[in-house]
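Here, each number is a calculation from the coordinates, and none is a lab measurement. Just so it is clear, the model here is predicted, and its values are computed rather than measured. With ideal geometry, Cβ positions are generated from the backbone for all residues, glycine too; neighbour counts draw on all protein chains shown.
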Amino acid sequence: DQQVKQNSPSLSVQEGRISILNCDYTNSMFDYFLWYKKYPAEGPTFLISISSIKDKNEDGRFTVFLNKSAKHLSLHIVPSQPGDSAVYFCAASGGSQGNLIFGKGTKLSVKP
Amino acid sequence: DVKVTQSSRYLVKRTGEKVFLECVQDMDHENMFWYRQDPGLGLRLIYFSYDVKMKEKGDIPEGYSVSREKKERFSLILESASTNQTSMYLCASSLVASEQYFGPGTRLTVT
């Protein structure tokens, strides 16, 4: 059973608008959450993370929100740019050794 | 700057061949991981290692083995390649309980 779910396989947004990517998880032991961005034919690159003791973390145009009671996190990109077009993976960690559980990804397309 | 390198970007092998995929990281990370990425399935963990000569099975270890003789190097071995192992293979490394850094990936095609 999937422990980390990204229910939207794709998302299309106009340049300059907000992109909101969602992620749900089932395991209440997860205490660290990450977002990765992946371009075709490249490895994923780390984007932003959040610890379960916080409900928001911001880095430039990227903000991650965590709602622990709903077991839900979201990534906001404002304003969206065509270079943001990529697949975004949500990941969660709950063990001391650092294994990550990944969602299946959401493909974001930002149209000029 | 963390660097994770993989031995090949693209590889074409025949069914039944033994295939070696190598991964090297230069940041003295304890943890190393091998994933495969397939469309619609996300990143699936094959094997991981927390220390030299140590390995643990991930979610899909069947048909694969690994070797970690040195801290910086983690090899993935396909003992007898099959067409269903055609995929993008991604190596990653990390310190204990922190973000993972990925290599550029190896696109393997088995014919």
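Quick notes on this structure:
- The residue that is farthest from the other protein chains (Cβ to nearest Cβ), counting only those in region B:30-59 that are of a type in the set (D, E) and over 24 Å from A:E42 (Cα atoms), is B:D51.
- Yes/no for A:S69 being more than 14 Å from chain B (Cβ to nearest Cβ), surrounded by fewer than 18 Cβ atoms within 10 Å (Cβ to Cβ) and part of a strand (DSSP E or B): no
- Matching residues in region A:51-66 - criterion: being closer than 18 Å to A:S19 by Cα and in a strand (DSSP E or B): A:K56, A:N57, A:E58, A:D59, A:F62, A:T63, A:V64, A:F65, A:L66
- Matching option when the condition is within 13 Å of A:N99 (Cβ to Cβ) and either more than 14 Å from chain A (Cβ to nearest Cβ) or part of a loop (DSSP other than H, G, I, E, B) (or both), among B:E69, B:E99, B:E62: B:E99
- One residue stands out in region B:77-89 among those that are closer than 28 Å to A:S49 by Cα and touching a Leu at 6+ places or on another chain (Cβ under 7 Å): the one that is farthest from the other protein chains (Cβ to nearest Cβ), namely B:S87.
- Some residue of region B:23-46 being part of a strand (DSSP E or B), under 15 Å from the mean Cα position of the chain (by Cα), among the charged types (D, E, K, R) and farther than 27 Å from A:V87 by Cα: no
- Residue match in region A:5-26 (condition: within 13 Å of chain B (Cβ to nearest Cβ), more than 30 Å from B:K55 (Cβ to Cβ) and crowded, with 20+ Cβ neighbours inside 10 Å): no
- Look at region B:60-84: where a residue is more than 20 Å from B:F102 (Cα to Cα) and a partner is among the charged types (D, E, K, R) and assigned to a strand (DSSP E or B), sitting 6+ places away or on another chain with Cβ atoms under 7 Å, you get B:A81/B:K13.
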